[in-house]
Amino acid sequence: MNEKIERLKQLVRESDNIVFFGGAGVSTESGIPDFRSVDGLYHQQWKYPPETILSHSFFARDPEEYYRFHRAKLVIEGVKPNRAHLRLAELEREGKLKAVITQNIDGLHQAAGSKHVLELHGSILRAYCSKCRKPFPADVINYGQGVPRCDCGGVIRPDIVLYEEPLDEDILHQAISYIRRADVLIIGGTSLNVYPAAGLINYYRGNKLVLVNLSETPYDSYADLVIHEKIGEVFDQI
């Protein structure tokens with residue numbers, strides 16, 4: 001393992017064009033459960049499967065049940081950036097990291113100090129009216145009871161990409177552009193099983209692909225460096 005860490009440190013030391021692409025595993029060390037691990041959100045008991053509740057059609061059909069789930073499972077108090085978030089922010093300040101591309105909706109990269117964060121799936125820290133698009137503070141959706149509504153009568157919703165909804169094209173194109181130009185691409189805390197986000201790896205044109213994840217991914221054999229360890233512990237050493 002020390003050899004792999006030393007190799008990663010060398011790649012970071014020698015590059016000033018690093019892009020990081022991360023998933024739920026980046027935030028698990030902050031106390032936010034991921035979606036597909038043994039202890040993740042998908043293995044917890046609920047009235048409906050999480051992927052059903054977190055879909056556009058379910059939100060439109062039963063916003064009250066959606067918000068009961070949202071406030072109980074997606075809103076987690078007291079979470080703070082972990083060592084991975086903090087080191088990524090440092091690398092950006094050092095001029096080495098050009099962008100963080102994340103599948104997470106928790107805002108922890110920004111809380112750690114990262115400025116250039118592309119949120120593929122949106123953020124739970126923003127909200128807007130599903131009818132007139134008026135923006136609202138996140139407290140309106142994350143706390144309280146029942147279904148929050150706008151003055152126009154529309155249901156206020158979180159600014160996240162629900163199942164059945166497309167990714168924001170502008171953010172997706174920016175992510176592709178950064179990955180294409182990257183010297184070093186570090187992918188961490190993601191199973192690389194969720195599309196279209198996982199497909200972004202195919203736009204990388206370099207030869208310094210690093211995968212940091214506790215379990216194997218479908219792309220391990222394509223990577224130049226694979227580290228199966230907790231991402232926070234890895235970033236704490238580079």
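Here, each number is a calculation from the coordinates, and none is a lab measurement. Keep in mind that what you see is a predicted model, and the values were worked out from it rather than measured. As a convention, Cβ positions derive from the backbone with ideal geometry for all residues, glycine included, and neighbour counts pool all protein chains shown.
A convex hull fitted around the alpha carbon atoms of the stretch 103-238 yields 141 Å³ per residue. The residues packed around residue 128, meaning those with a beta-carbon under 12 Å from its beta-carbon, carry a net charge of +4 if Lys and Arg are +1 and Asp and Glu are -1.
The long axis of helix 83-93 is offset from the longest Cα principal axis of the chain by roughly 70 degrees.
Protection proxy ranking of 18-24, 75-81, by the mean of other Cβ atoms within 10 Å over each peptide's residues and highest first, is 18-24, 75-81. For the chain, a crude dipole built from +1 on the beta carbon of Lys and Arg and -1 on the beta carbon of Asp and Glu, taken about the Cα centre, is about 400 debye to the nearest 20.
Using only Cα atoms, tell me the angle between helix 169-181 and the longest principal axis of the chain; keep it within 0 to 90° and round to the nearest 10. Once rounded, the angle reads 10 degrees. In the chain, with Lys and Arg counted as +1 and Asp and Glu as -1 at Cβ, which of these residues, 161, 21, 189, has the Cα nearest the positive end of the dipole, that is, farthest along it? It is 161. Among residues other than residue 139 with Cβ under 12 Å from its Cβ, the summed charge is +2 (Lys and Arg +1, Asp and Glu -1). Of the trypsin sites (Lys or Arg not before Pro) in the stretch 82-166, which ones lie in a loop per DSSP and count no more than 14 other C-beta atoms within 10 Å? Those satisfying the criteria are 115, 131, 133. Computed extension gain for residue 170 through residue 203, at 0.36 nm per residue and net of the alpha carbon distance, reaches 10.3 nm. Its Cα centre serving as origin, the stretch 44-126 has a Cβ charge dipole (Lys and Arg +1, Asp and Glu -1) of approximately 220 debye. Across all directions, the average projected area of the convex hull around the alpha carbons of the chain is 12.6 nm². Going by Cα centres, the stretch 53-113 and the stretch 130-177 are how many Å apart? Going from one Cα centre to the other spans 14 Å. Which one of 99, 84, 223 has the biggest mean-square fluctuation once the chain is modelled by GNM with Cα springs under 10 Å? Comparing 99, 84, 223 in the GNM, the peak value goes to 223.
For the chain, a Gaussian network of Cα nodes joined below 10 Å ranks 102, 217, 190 by mean-square fluctuation, and the top entry is 217. Across the alpha-carbon set of the stretch 1-141, the Rg to Rh ratio works out to 1.03, Rh being the Kirkwood radius.
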